[in-house]
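Enquirer: Okay, handing you the structure first.
The values are calculated or read from the model by the stated rules, or taken from the named source; none is laboratory data. This one's a predicted model, so the numbers in the text were calculated from it and none came from an experiment. Cβ coordinates were reconstructed from backbone atoms using ideal geometry, including for glycine residues, and neighbour counts include every protein chain displayed.
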Amino acid sequence: MPFIFANFNGTHHDINVFTHEMGHAFQNWESRDLPNIDYLWPTMEAAEIDSMALEFLTYPHMDLMVGEATADRFRRMHLTGALAFLPYGVCVDHFQHEVYANPDASLADRHAMWARLEKIYMPWTDYGDLAYPAKGGRWQAKQHIYGTAFYYIDYTLAQCCALQFWAWSRRDPAAALDAYTKLCGRGGSAPFGELVRSAGLVSPFSDGALAGVVREAAGVLGV
Ligand SMILES: [Zn+2]
């Protein structure tokens, strides 16, 4: 029996937490009858598809959470954040590779590493008069770097798939929800690539995997 233990602080982020963790719980519930205990959860890069996709699939109901007048603003903010997350997530992963390849790097060296990578992946970043992140210290705000090494790329792989559910649900919400529910029901009975393929999604490892999503997002955001 899955349950969610969470704290809420009255900000829009509560909605992301609620829909995201509900996606994990729903997946776990849907795969509860699979024969092996190792099937109950997919590997994490696949499990995060189930959670992140629900953040998008609940878009049509956001008026119930934030009211009709604010729902569009919320969706726009969430979509923008989801797209901007991709270069950030890759930057965190690249940074960790450099940290583990250079175990003797000092704190200043690591700040320099982050500052250099941040310029590659997020050249638009501007910390204004915040001196500490401006010198490369922003990586220290990401607890995964300390606690769960190399987890972050899982989110970016999953986000590439979750965004496809978003684009799909705009064309055919019933089919997208059906594919999502079936994917959740498969739990961890197959590895990432096979789960993605069987759900009708394009693997993030394929060329042009995000082309459809980017086209759709450009139309929605008007960019
Ligand atoms: Zn998650």
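Enquirer: Being without any contact (Cβ under 8 Å) to a residue 24 or more places away in the chain and polar (S, T, N, Q) is the filter; apply it to the range 127-178 and report the residue that is surrounded by the fewest Cβ atoms within 10 Å (Cβ to Cβ).
Expert: Of everything passing the filter in the range 127-178, Gln143 is surrounded by the fewest Cβ atoms within 10 Å (Cβ to Cβ).
Enquirer: Of all residues in the range 54-69 being touching a helix residue (DSSP H, G or I) at 6+ places or on another chain (Cβ under 7 Å) and either free of Cβ contacts under 8 Å to residues at least 60 places away in the same chain or polar (S, T, N, Q) (or both), which is surrounded by the fewest Cβ atoms within 10 Å (Cβ to Cβ)?
Expert: Among residues in the range 54-69 that are touching a helix residue (DSSP H, G or I) at 6+ places or on another chain (Cβ under 7 Å) and either free of Cβ contacts under 8 Å to residues at least 60 places away in the same chain or polar (S, T, N, Q) (or both), the one surrounded by the fewest Cβ atoms within 10 Å (Cβ to Cβ) is Asp63.
Enquirer: Quickly run through the range 14-41 and pick out the residues that are in a helix (DSSP H, G or I) and more than 14 Å from the ligand (Cβ to nearest atom).
Expert: Of everything in the range 14-41, those that are in a helix (DSSP H, G or I) and more than 14 Å from the ligand (Cβ to nearest atom) turn out to be Asp14, Ile15, Trp29, Glu30, Ile37, Asp38, Tyr39.
Enquirer: To continue, here is another question. Which one of Ala101, Ala112, Ala162 is within 14 Å of the chain's Cα centre (by Cα) and small (Gly, Ala, Ser)?
Expert: From the options Ala101, Ala112, Ala162, the qualifying one is Ala162.
Enquirer: Out of the range 26-46, which residues are within 16 Å of the chain's Cα centre (by Cα) and among the acidic types (Asp, Glu)?
Expert: Glu45
Enquirer: Please go through (1) within 16 Å of the ligand (Cβ to nearest atom); (2) assigned to a loop (DSSP other than H, G, I, E, B) for Ala190 and return the number of the only condition it doesn't satisfy.
Expert: Failed condition: (1).
Enquirer: Another one. Just the residues that are within 29 Å of Asn28 (Cα to Cα), part of a helix (DSSP H, G or I) and either modelled with pLDDT under 95 or away from the ligand (no atom under 16 Å from the Cβ) (or both), please, taken from the range 54-75.
Expert: Tyr59, Pro60, His61, Asp63, Leu64, Met65, Val66, Ala71, Phe74, Arg75
Enquirer: State all residues of the range 42-53 that are crowded, with 19+ Cβ neighbours inside 10 Å and either near the ligand (Cβ under 10 Å from one of its atoms) or farther than 19 Å from Ala167 by Cα (or both); if no residue qualifies, say none.
Expert: Step one: list which residues in the range 42-53 are crowded, with 19+ Cβ neighbours inside 10 Å, which gives 42, 45-53.
Listed by number, the residues that qualify are Pro42, Glu45, Ala47, Glu48, Ile49, Asp50, Ser51, Met52.
Enquirer: Kindly provide the set of residues from the range 167-222 that are of a type in the set (Phe, Trp, Tyr) and closer than 13 Å to Ile49 by Cα, ordered by number. Reasoning before the result, please.
Expert: Initial filter on the range 167-222 (of a type in the set (Phe, Trp, Tyr)): 168, 180, 192, 205.
Tyr180, Phe192 - these are the residues of the range 167-222 that are of a type in the set (Phe, Trp, Tyr) and closer than 13 Å to Ile49 by Cα.
Enquirer: Now for a separate question. In this structure, is Met113 of a type in the set (A, V, I, L, M), touching a Leu at 6+ places or on another chain (Cβ under 7 Å) and without any contact (Cβ under 8 Å) to a residue 60 or more places away in the chain? Please lay out each step first, then the result.
Expert: Numbers: of a type in the set (A, V, I, L, M): yes; touching a Leu at 6+ places or on another chain (Cβ under 7 Å): no; without any contact (Cβ under 8 Å) to a residue 60 or more places away in the chain: yes.
Criteria not met by Met113.
Enquirer: Let me ask another. What are the residues in the range 201-213 that are out of contact with any Leu (no Cβ under 6 Å at 6 or more places or on another chain) and either surrounded by 19 or more Cβ atoms within 10 Å (Cβ to Cβ) or in contact (Cβ under 8 Å) with a residue 24 or more places away in the chain (or both), if any? Can you show your working first?
Expert: Of the residues in the range 201-213, the ones out of contact with any Leu (no Cβ under 6 Å at 6 or more places or on another chain) are 201-203, 205-212.
Leu201, Val202, Ala209, Leu210, Gly212 - these are the residues of the range 201-213 that are out of contact with any Leu (no Cβ under 6 Å at 6 or more places or on another chain) and either surrounded by 19 or more Cβ atoms within 10 Å (Cβ to Cβ) or in contact (Cβ under 8 Å) with a residue 24 or more places away in the chain (or both).
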